[in-house]
Amino acid sequence: MKSASPVFSHLLPFRIFRLFLVLSLAVAGGVISGCGSGGTLPPAPVTEPSQNTPVLVSSTANDQLSQFNIGFTGITLTSQSGKTVSLLTASQSAEFIHLNGSAEPLVTTSVPPDVYTAATATVGSAQFTCINLNSAGGLAVSTFAYGAMPSAQVTVNVPTPITITSTTIGLSLDLVVSKSATYATCDPTGVPSYSINPTFNLTPVTIASQPTNNGNGKETGLKGIVASIDTGKNTFTVTAADGPSWSIKSSGSTVYQGIGGLSALTTGMAVEMDVALQSDGSLLATRVTAEDTNTANLSLSTGPLEFVASSVPVVNAFGREEQGYLYATTKGSSSQPFSFDKAVFQTSGQLTNLGSLPFSASFNAANMVVRQNVSISFRALTRSSGPIYIPAATLTLMPQTINGTVSAISSAGNFTTYTVALAAYDLMPALSVQAGQTTLLQNPTSVVVYADSGTQTLNTVPIAVGSVLRFHGLLFNDGGTLRMDCAWVNNGVAE
């Protein structure tokens, strides 16, 4: 398609820096591993059998980075008496930006009852990616990395002692992104200046009998591809794009969307799920959505939209998480052009109140915009006389987290509304100025957030004008105004 050529001059003028540098802990000023709390420690519990303990990964971040991958070679707990317990039996990896304020299980491991006051983590590789416009007005997608190291210890803070008893708890390993990555500019020339020093907080998670959020055992928006199914045991396993593999239980209360039930699941199917941690450390699916039921040569790319062309049905998207047929032998995320003229548009079923919103909450070819978090399924490449583009099968709008400053508070029907000002480096104001796009937003620096009685308020900072907060939900373009149906609110990160 010769007509596509002008569009791709906007879609593809980015530069990717894949720079590998061995992390020098001395240069980084030293690393403190296993920071614990002072004061009086609780008594060690009576000797009991080891408990199945889910280890969850999450992050606390603003909107500056689009990806942060970390490969773990080890995570170790140390008790008040000096005993150590390894939480990993094999290397594991995770992508942390899609977990900003959310969480996903990394592993479930056996931990002896004791009081644990310190922890260490070893990292084999790490990299982060930022996206912006370069001086020529094209996309600058820059990845800063250091290569594989067998035993680079990184900072793990344990703010309070963690007591393991006969009652199962979870462990939350939260990446503090602002302390973990520094860089001078997203589009450097010459040798870039940056550092990577992964810094974590490790805290206990008390599992509720009916969990409602990731702070008490409910994990939402887990995505992956079905690896196996056992209908006799009502279980199935799902492999995530960023590394973990989850064994999931199904019950009579599990809600299935897009398929009839567990018996309709097939190996290779793309699914999105909500799960609840159980008292034995297992995962029970509360919702399972079949994103694409056609498993033939299926590939998935999930991440922010970077450019929506007006002249041809093509969108450029950054693959924060990628998996499936195309990526079986090719690892690493990238910016890719997708054609969507034959694609099915759909919205995640995680939020169920879309019909009660006081605006039209729709996602389609005419109103999708940059910065929306979209999962794209596809199967094959098409080559034309112009550039290569990938025919999308489905485009699914997924929940996402924004970080910003509350500038106004009002109401609309049964919803409280918060007008949230985004930072200048946020992808929305940064990328919405690109010429040749379908939609020009009225105010790309602002989002109107809608919260109702179902919105989880996890923040300790009051919601007031001037407060910096994180909001998580589905982001819609309503006639040029950005509006979010909010699932939860949490403390923000300084801009």
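When 93, 125 are checked against the criterion of being open to solvent by 10 Å² or more (accessible area, probe 1.4 Å), in contact with a strand residue (DSSP E or B) (Cβ under 8 Å, 6 or more places away or on another chain), part of a strand (DSSP E or B) and within 21 Å of residue 219 (Cα to Cα), 93 stands alone in meeting it.
Of the set (1) touching an Asp or Glu at 6+ places or on another chain (Cβ under 8 Å); (2) within 17 Å of residue 237 (Cβ to Cβ); (3) open to solvent by 20 Å² or more (accessible area, probe 1.4 Å), all apply to residue 321 but (2). Tell me, please, whether a residue that is within 30 Å of residue 337 (Cβ to Cβ), modelled with pLDDT of 95 or more and either of a type in the set (A, V, I, L, M) or surrounded by fewer than 22 Cβ atoms within 10 Å (Cβ to Cβ) (or both) can be found in region 400-416. Yes, the conditions are met somewhere in region 400-416.
All conditions in (1) open to solvent by less than 30 Å² (accessible area, probe 1.4 Å); (2) farther than 21 Å from residue 360 by Cα hold for residue 436, with the sole exception of (1).
Condition (residue is under 30 Å from residue 140 (Cβ atoms), touching a Gly at 6+ places or on another chain (Cβ under 9 Å) and charged (D, E, K, R)) applied to region 295-316: is it met by at least one residue? The answer is no, given that none of the residues of region 295-316 is under 30 Å from residue 140 (Cβ atoms), touching a Gly at 6+ places or on another chain (Cβ under 9 Å) and charged (D, E, K, R).
Taken over region 439-451, the residue count meeting the criterion of being more than 18 Å from residue 139 (Cα to Cα) and surrounded by fewer than 16 Cβ atoms within 10 Å (Cβ to Cβ) is 1.
Residues that are buried (at least 19 other Cβ atoms within 10 Å of the Cβ) and either of a type in the set (A, V, I, L, M) or touching a helix residue (DSSP H, G or I) at 6+ places or on another chain (Cβ under 9 Å) (or both) within region 70-90 comprise 70, 75, 77, 85, 87, listed in sequence order. On the basis of being of a type in the set (S, T, N, Q), crowded, with 23+ Cβ neighbours inside 10 Å and touching a residue at least 24 places away in the same chain (Cβ under 8 Å), does residue 50 make the cut? No. Filtering region 468-488 to residues that are open to solvent by 20 Å² or more (accessible area, probe 1.4 Å) and not in a strand (DSSP E or B) leaves only 479.
For region 279-301, taking the residues that are in a strand (DSSP E or B) and among the hydroxyl-bearing types (Ser, Thr, Tyr), the one that is nearest to residue 169 (Cα to Cα) is identified as 286.
Specify which of the listed residues (366, 392) is modelled with pLDDT under 95 and either closer than 16 Å to residue 437 by Cβ or open to solvent by less than 20 Å² (accessible area, probe 1.4 Å) (or both). Sole residue among the options that is modelled with pLDDT under 95 and either closer than 16 Å to residue 437 by Cβ or open to solvent by less than 20 Å² (accessible area, probe 1.4 Å) (or both): 366. The residue that is farthest from residue 468 (Cα to Cα), counting only those in region 432-451 that are hydrophobic (A, V, I, L, M, F, W, C) and modelled with pLDDT of 90 or more, is 451. Of the strands (runs of 3 or more DSSP E) lying entirely inside region 226-278, those containing at least 1 residues that are open to solvent by 20 Å² or more (accessible area, probe 1.4 Å) and more than 22 Å from residue 301 (Cβ to Cβ) span 235-239, 245-249, 255-257. The set of residues in region 338-363 being closer than 15 Å to residue 398 by Cα, among the aromatic types (Phe, Trp, Tyr) and open to solvent by less than 20 Å² (accessible area, probe 1.4 Å) consists of 363 alone.
For the structure I just gave you, tell me whether residue 160 is at pLDDT 95 or above, in a loop (DSSP other than H, G, I, E, B), more than 19 Å from residue 426 (Cα to Cα) and open to solvent by 50 Å² or more (accessible area, probe 1.4 Å). In short, yes.
Mind listing whichever residues of region 135-156 are at pLDDT 85 or above and surrounded by fewer than 20 Cβ atoms within 10 Å (Cβ to Cβ)? 143, 145, 153, listed by residue number. Residues that are in contact with a Phe, Trp or Tyr (Cβ under 9 Å, 6 or more places away or on another chain), in contact (Cβ under 8 Å) with a residue 12 or more places away in the chain and open to solvent by less than 50 Å² (accessible area, probe 1.4 Å): does region 209-216 have at least one? Yes, some residue in region 209-216 is in contact with a Phe, Trp or Tyr (Cβ under 9 Å, 6 or more places away or on another chain), in contact (Cβ under 8 Å) with a residue 12 or more places away in the chain and open to solvent by less than 50 Å² (accessible area, probe 1.4 Å). The numbered conditions (1) over 30 Å from residue 50 (Cα atoms); (2) open to solvent by 10 Å² or more (accessible area, probe 1.4 Å) are all true for residue 165 except (1). Evaluated against (1) closer than 22 Å to residue 302 by Cα; (2) of a type outside the set (Asp, Glu); (3) open to solvent by less than 40 Å² (accessible area, probe 1.4 Å); (4) over 16 Å from the mean Cα position of the chain (by Cα), residue 120 falls short on exactly one condition, (1).
Criterion first (open to solvent by 40 Å² or more (accessible area, probe 1.4 Å), at pLDDT below 95, within 20 Å of residue 240 (Cβ to Cβ) and touching a Ser or Thr at 6+ places or on another chain (Cβ under 9 Å)) does residue 110 satisfy it? Spelling it out, it is not the case that residue 110 is open to solvent by 40 Å² or more (accessible area, probe 1.4 Å), at pLDDT below 95, within 20 Å of residue 240 (Cβ to Cβ) and touching a Ser or Thr at 6+ places or on another chain (Cβ under 9 Å). Of all residues in region 173-193, those satisfying the criterion of being outside any helix (DSSP H, G or I) and surrounded by fewer than 19 Cβ atoms within 10 Å (Cβ to Cβ) are 176, 182, 183, 184, 185, 188, 189, 190, 191, 192, 193. The single residue among 445, 481 that is in contact (Cβ under 8 Å) with a residue 12 or more places away in the chain and in contact with a helix residue (DSSP H, G or I) (Cβ under 6 Å, 6 or more places away or on another chain) turns out to be 445.
Picking from residues in region 53-69 that are open to solvent by 10 Å² or more (accessible area, probe 1.4 Å) and assigned to a strand (DSSP E or B), the one that is nearest to residue 132 (Cα to Cα) is 69.
Residues that are within 16 Å of residue 467 (Cβ to Cβ) and not aliphatic (A, V, I, L, M) were ranked within region 417-426; the one that is surrounded by the fewest Cβ atoms within 10 Å (Cβ to Cβ) is 419.
The values are calculated or read from the model by the stated rules, or taken from the named source; none is laboratory data. These numbers come from a predicted model, not from an experiment. Cβ atoms come from the backbone with ideal geometry, glycine included; neighbour counts cover every protein chain shown. To get the accessible areas, we keep the full protein, side chains included, count just its heavy atoms, and leave off ligands, DNA and RNA. Shrake-Rupley method; radii C 1.70, N 1.55, O 1.52, S 1.80 Å.
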